[in-house]
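Visitor: Sharing a structure, written as structure tokens. Questions coming.
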Amino acid sequence: MKKSIAIVGSGPAALMLAAKLDAEKFTVSIYEKNQAPSRKFLVAGKGGFNLTHSDPVKEMIEKYTPADFFRPILNAFSNSDLRSWFSSIGIPTFIGSSKRVFPEKEIKPIDVLNAILSELKKKDVALVSSCEWKGWNENKELLFRKNNMDPIQKADILVLALGGGSWKVTGSDGNWTNYLQEKGVEIVPFQASNCAFGVRWTRPFLDQAEGKAVKNSSFTCLDKQKKGEAVITSSGIEGGAIYALSPQIRKQLEEQGKAEVFLDLKPAFTLAEVKNKVEGGRGTKSWTKHLEDQLRLDKVKIALIKETVSREDFMIPSRVAAKIKKLPLHIHSLAPIDEAISTVGGVSLHAIDSKFELKQIAGCYAIGEMLDWDAPTGGYLLQACFSMGAFLAEHLNKTKG
């Protein structure tokens with residue numbers, strides 16, 4: 001006789017789990033509180049729909065925090081496996097210049113979602129929308145809220161894929177934590193990740209640089225370095241290069257109440273090379289024009305140097321050269337959680353076993369962004385969620401009885 005599996009949430013982890021479960025062994029139902037599934041997946045796709053990254057798996061694993069948690073998961077279902085699976089359901093992909101992996105250019109996010117849902121339909125997966133999970137009743141049965149009613153559902157296996165705490169408009173609000181804490185599950189408070197960071201800019205600087213990118217630079221915080229670009233905002237800085245330093249920035253903010261990120265504005269040059277160029281004759285040029293020409297610094301970088309460096313240091317070649325190679329940015333805060341691309345926090349990894357089963361609740365599993373882990377943007381977040389779904393499906397498919 002088939003076992004019943006209830007999956008709560010319909011994000012990437014849930015959809016992959018349902019797609020990979022053995023239809024001969026299980027009857028599967030997905031419960032989604034919104035009217036339509038996977039809203040965050042679709043919203044994220046509007047900004048550039050990278051499904052994964054093309055890093056070699058060994059390198060990819062090291063982008064995650066904690067890496068050891070993801071090693072068996074990504075080795076079992078890698079980025080290559082994900083691309084092959086998408087190809088098998090009619091979604092061919094390509095590797096872009098950034099090494100991110102995208103659907104072929106004519107394919108939209110809704111097309112990807114519909115292809116996945118089509119696979120679920122073939123497997124007779126039931127999708128119940130506008131149905132919000134409300135924990136358990138006194139008989140340990142599942143409670144839901146649908147159309148102002150409180151229906152009870154029974155399932156042999158429960159999988160929670162409820163998302164993190166960011167982008168509440170998509171339904172990812174973290175309101176599920178109380179139900180698990182009541183059962184003794186360890187919950188880590190949510191914090192923003194892959195978000196903007198607060199920097200106190202002066203008005204004259206913002207007049208020159210707000211909305212513009214600091215390009216072709218290297219960003220360092222603690223032991224982590226990331227090359228790329230970031231955008232100056234009215235309240236700070238955001239973008240891929242700074243997002244990648246989220247764990248290190250959060251660590252400093254937690255421990256010291258402030259964080260420091262260093263920018264190398266000319267990563268292709270050594271400090272000696274920068275000094276040599278800066279100390280060269282400038283003739284009748286202004287000092288600013290000399291720096292621009294010798295180092296090919298754009299106006300945003302020049303403005304950033306002037307914003308950060310004292311006038312005295314700016315005018316002394318050796319000092320300004322050192323700052324160009326290691327320019328400090330003083331960060332005072334994270335963006336609000338609801339403005340973040342993702343969150344850390346949620347179910348502690350100590351609260352689950354190696355197969356995602358909650359130690360305090362037998363037969364109940366948790367996957368996806370509701371777990372306490374971190375990864376940069378660029379396809380890594382989605383890859384992790386898809387891989388967790390596939391990994392759990394493989395485990396459940398092999399489980400006897």
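None of the figures in this text is laboratory data; all of them are computed from the coordinates on show. The model shown is predicted, which means the values in this text are computed figures rather than measured ones. Backbone-built Cβ (ideal geometry, glycine too); neighbour counts: all protein chains shown.
Visitor: What ranking do Ser217, Ser193 get, fewest neighbouring Cβ atoms within 10 angstrom at the top?
Guide: Details: Ser217 20, Ser193 29.
Starting with the residue having the fewest Cβ neighbours, the order is Ser217, Ser193.
Visitor: Using r as the Cβ-Cβ distance of Asp298 and Lys58, and R0 as 35 Å, what FRET efficiency do you calculate, to the nearest 0.05?
Guide: Values: r = 36 Å, r/R0 = 1.03.
It comes to 0.45.
Visitor: Might you report the magnitude of the Cβ-based charge dipole of the stretch 197-334 about its Cα centre, with Lys and Arg at +1 and Asp and Glu at -1, to the nearest 20 debye?
Guide: 300 debye
Visitor: Also: Dipole of the stretch 136-276, Cα-centred, from +1 at each Lys and Arg C-beta and -1 at each Asp and Glu C-beta, to the nearest 20 debye?
Guide: Values: 18 positive and 17 negative charges, 81 e Å.
With Lys and Arg at +1 and Asp and Glu at -1, about 380 debye.
Visitor: Using +1 at the C-beta of Lys and Arg and -1 at the C-beta of Asp and Glu, which of Val274, Gly135, Trp287 has the Cα lying farthest in the positive direction of the dipole of the chain?
Guide: Of the listed residues, the answer is Trp287.
Visitor: Suppose a student asked you for the relative contact order of the chain, using Cα pairs under 8 Å spaced at least 6 residues apart; what percent would you report?
Guide: On the way: 800 pairs, mean separation 99.2, N = 401.
Relative contact order comes out at 25 percent.
Visitor: So if each residue of separation counts as 0.36 nm, and I subtract the Cα-Cα distance between Val169 and His332, what length gain in nm does that give?
Guide: Taking Val169 through His332 to full extension adds about 56.0 nm, to one decimal.
Visitor: Then there's this: Treating the beta-carbon of each Lys and Arg as +1 and of each Asp and Glu as -1, no other charges, what is the dipole magnitude of the chain about its Cα centre, to the nearest 20 debye?
Guide: 920 debye
Visitor: Would you calculate, for the chain, the mean residue ellipticity at 222 nm contributed by helices, counting each DSSP H stretch of 4 or more residues as -39,500 (n - 2.57) and dividing by all residues, to the nearest 500?
Guide: -10000 deg cm²/dmol
Visitor: What whole-number value in cubic angstrom gives the convex hull volume per residue for the C-alpha atoms of the stretch 1-96?
Guide: About 141 Å³ per residue, rounded to a whole number.
Visitor: Using the structure shown, select from Lys215/Lys325; Lys63/Lys326; Lys105/Lys215; Lys134/Lys398; Lys2/Lys154; Lys121/Lys400 the pairs with a Cα to Cα distance greater than 18 angstrom.
Guide: Violating the 18 Å limit, Cα to Cα: Lys63/Lys326; Lys105/Lys215; Lys134/Lys398; Lys121/Lys400.
Visitor: Taking the structure as given and computing Rg and Dmax of the Cα atoms in Å, which label from (i) 24.3, 88; (ii) 22.1, 72; (iii) 36.3, 128 fits?
Guide: (i)
Visitor: Just to be sure I understand the model, the point goes 7 Å from the Cα along the line to the Cβ. What's the resulting Arg311 to Thr284 distance in nm?
Guide: 2.5 nm
Visitor: If I fit a long axis through the Cα atoms of helix 79-88 and take the longest principal axis of the Cα atoms of the chain, what angle between them do I get, 0 to 90°, rounded to 10?
Guide: The helix 79-88 is inclined about 60 degrees to the chain.
Visitor: Among Phe356, Leu327, Ile337, which residue has its Cα positioned farthest towards the positive end of the charge dipole of the stretch 324-386, with +1 placed on the Cβ of Lys and Arg, -1 on the Cβ of Asp and Glu, and the dipole taken about the Cα centre?
Guide: Leu327
Visitor: Can you pull the semi-axes for the stretch 175-223, root of five times each eigenvalue of the Cα gyration tensor, sorted largest first, whole Å?
Guide: For the stretch 175-223, the ellipsoid semi-axes come out as 39, 15, 9 Å.
Visitor: Still on this structure: In what order do Trp167, Trp85 fall by count of nearby beta-carbon atoms within 10 Å, going from fewest to most?
Guide: Trp85, Trp167
Visitor: While we're on this one: Toward the positive end of the charge dipole of the stretch 197-334, about the Cα centre and with charges on Cβ (Lys, Arg +1; Asp, Glu -1), which of Gly228, Leu245, Phe314 goes farthest?
Guide: Phe314
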